[in-house]
Amino acid sequence: LDFGDYPLEIGRERVEAIADLMRDYGPDVVMTHTGIDPFNPDHAVAHDAVVQARGLAAGGGVASAFATITPPQLLLFEPHQPEVCGFTPTVLLDITAVTEAKSEAMAAMESQAYLQTYYGQRAEHRGNHARRVSGNGAIRTAEAFQRVLPHVVAEL
């Protein structure tokens, strides 16, 4: 939506524009930044806007007079400094098959190139966690996400 960056300013009209996009696409999953990031103030602004828009698009859990979508999962992706952002991994995604493509994409983006080594190391670290949790020895790299809402199941 080209809302800019530094500073990112999100008012009611922009939240509604994001909600309209969610209604148009009807995503199963929505990912955003953590709500705390002392080094990137725009990330918390983006988080709040996405959470508000998701609630509006899904009808806020109540019957509504406007079109709504099935509430998508809400995941936070791992920030650069997880320890200071209140991030706790609850989902590990095996990215072994796409790790090289991700590295190439980051290299092509001038603003991300300096993070290649860091995120490569982080992916190996999370890959170790994923192997241990799953027992799948083929996982080499993984990304971590934090589930915001409970996972609803019919049985365990």
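The values are calculated or read from the model by the stated rules, or taken from the named source; none is laboratory data. All of these numbers come straight from a predicted model, not from anything done at the bench. Here the Cβ is made from the backbone with ideal geometry for all residues, glycine too, and neighbour counts use every protein chain on show. Heavy atoms of the whole protein, side chains included, go into the accessibility calculation; ligands, DNA and RNA do not. Shrake-Rupley method; radii C 1.70, N 1.55, O 1.52, S 1.80 Å.
Assorted remarks:
- Heavy-atom accessible surface of the chain, averaged per residue, reaches 64 Å², computed with a 1.4 Å probe.
- At R0 = 35 Å, FRET efficiency that the Cβ-Cβ distance of E16 and I36 yields, to 0.05: 0.90
- Accessible surface of the chain, 1.4 Å probe, proportion on carbon and sulfur as whole %: 56
- Of all DSSP beta bridges in the chain, antiparallel share, percent nearest 5: 65
- Helical contribution to [θ] at 222 nm, DSSP H n ≥ 4, -39,500 (n - 2.57), averaged over the chain, rounded to 500: -12500 deg cm²/dmol
- The chymotrypsin sites (Phe, Trp or Tyr not before Pro) of region 48-156 meeting both criteria, a DSSP state outside H, G, I, E and B (loop) and at most 15 other C-beta atoms within 10 angstrom of the site's C-beta, are F66.
- In degrees, nearest ten, helix 116-134 long axis to first principal axis of the chain (Cα): 90
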